[in-house]
Amino acid sequence: MISNLLTQDFLEKGYFVTQNIFSQKDIKNMRLRIDDIILGKFKKLGRRFQTDTDSLQYNGLPTTKTEYRGPDVVYRKISDLEYDDCFLKILQSGGISEVLTHLLGDTISIMRFGVVEKPAFGGAPIPWHQDTCLDWPTTIPPGLAIWFPLDKATSSAGTLQVIPESHKNGEIGRGHLLPQNMEKKYAPRNRILDVEINCGDCLFFHPALLHRSGINQTKTTRRALNVLLIAGNAIHTGKQLPYPILKGSEQLEPNKVSELSSIPD
């Protein structure tokens, strides 16, 4: 079970890291599943992909999600992993499930679950932002963000950077991106912390915590999973549909999502 010290870190600093929360078998299985999705061996109609950009500029990234375009395309993001039995099983079992219950309670909705890939010597840098926004279409704001690497996350590989305690500012502005003219105030250079963690470790952080990532300057790919969770039964106000349930009544079941040939709307 999560310790009181880690709970205090979450409240005061806005984040904490748990080591070896995933087994090396889990890491291997997740890597293989991502490879199979990219190779087209594990397809689901409606799964969303975002391609990368050669410009290495965040504003050069495609604004819309695209369907699968073949194995030779560089995908920056693959979404909808909550409808994949491999990833769903891992979130619903073991030590990570205990942490999620402790922080969010007995009912947990999934706002998003995807993998972000930074290819060797590439990957557009992601500017300072929060994983929450006053204008997002949800009846309940996200309560917890999770980030964990499938490859060793180092500063040179473009690991996540955070501003400790920045979650205490709440949502900054209407959008989730921090305006550049506010960086000196909310993200001063002397406050930046690189989160360097190994495969199997997991970063838990408050959605309002400011974070960003840089270019991968190594010769190997850097893949990391990002999950955004909500405490309770949340409704997407645009679609007027419930978000998928990770834990609670009517929760997603791995054997049932494995049978789905398409991602639900």
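The values are calculated or read from the model by the stated rules, or taken from the named source; none is laboratory data. This one's a predicted model, so the numbers in the text were calculated from it and none came from an experiment. As a convention, Cβ positions derive from the backbone with ideal geometry for all residues, glycine included, and neighbour counts pool all protein chains shown.
Only residues that are among the acidic types (Asp, Glu) and free of Cβ contacts under 8 Å to residues at least 12 places away in the same chain were counted across the range 63-84, and they come to 1. Criterion first (over 30 Å from PRO119 (Cβ atoms) and buried (at least 20 other Cβ atoms within 10 Å of the Cβ)) does HIS211 satisfy it? Answer is no for this residue. As a summary of the residue check, ILE34 satisfies the conditions (1) assigned to a helix (DSSP H, G or I); (2) surrounded by fewer than 18 Cβ atoms within 10 Å (Cβ to Cβ) except for the one numbered (2).
Checked against (1) under 22 Å from PHE113 (Cβ atoms); (2) hydrophobic (A, V, I, L, M, F, W, C); (3) at pLDDT below 95; (4) crowded, with 22+ Cβ neighbours inside 10 Å, LEU177 passes all but condition (4).
Among the residues making up the range 123-154, those that are touching a strand residue (DSSP E or B) at 6+ places or on another chain (Cβ under 6 Å), β-branched (Val, Ile, Thr) and either more than 18 Å from ARG76 (Cβ to Cβ) or modelled with pLDDT of 95 or more (or both) are THR139, ILE140, ILE146.
Checking each residue in the range 117-130 for being surrounded by fewer than 21 Cβ atoms within 10 Å (Cβ to Cβ) and in a loop (DSSP other than H, G, I, E, B) picks out PRO119, ALA120, PHE121, PRO125.
Can you spot a residue in the range 100-115 that is assigned to a helix (DSSP H, G or I), modelled with pLDDT of 95 or more, buried (at least 22 other Cβ atoms within 10 Å of the Cβ) and of a type in the set (Ser, Thr, Tyr)? No, every residue in the range 100-115 fails to be assigned to a helix (DSSP H, G or I), modelled with pLDDT of 95 or more, buried (at least 22 other Cβ atoms within 10 Å of the Cβ) and of a type in the set (Ser, Thr, Tyr). Considering the range 163-174 alone, what residues qualify as being in contact with a strand residue (DSSP E or B) (Cβ under 9 Å, 6 or more places away or on another chain) and either assigned to a loop (DSSP other than H, G, I, E, B) or surrounded by fewer than 18 Cβ atoms within 10 Å (Cβ to Cβ) (or both)? Across the range 163-174, the qualifying residues are ILE163, PRO164. Summed over the range 180-204, the residues that are crowded, with 19+ Cβ neighbours inside 10 Å and more than 23 Å from PRO149 (Cα to Cα) give a count of 1.
For the range 141-162, a tally of residues being over 16 Å from the mean Cα position of the chain (by Cα) and either crowded, with 23+ Cβ neighbours inside 10 Å or more than 23 Å from ARG222 (Cβ to Cβ) (or both) returns 1. Among the candidates PHE22, PHE16, PHE10, the residue that is in a loop (DSSP other than H, G, I, E, B) and in contact (Cβ under 8 Å) with a residue 40 or more places away in the chain is uniquely PHE22.
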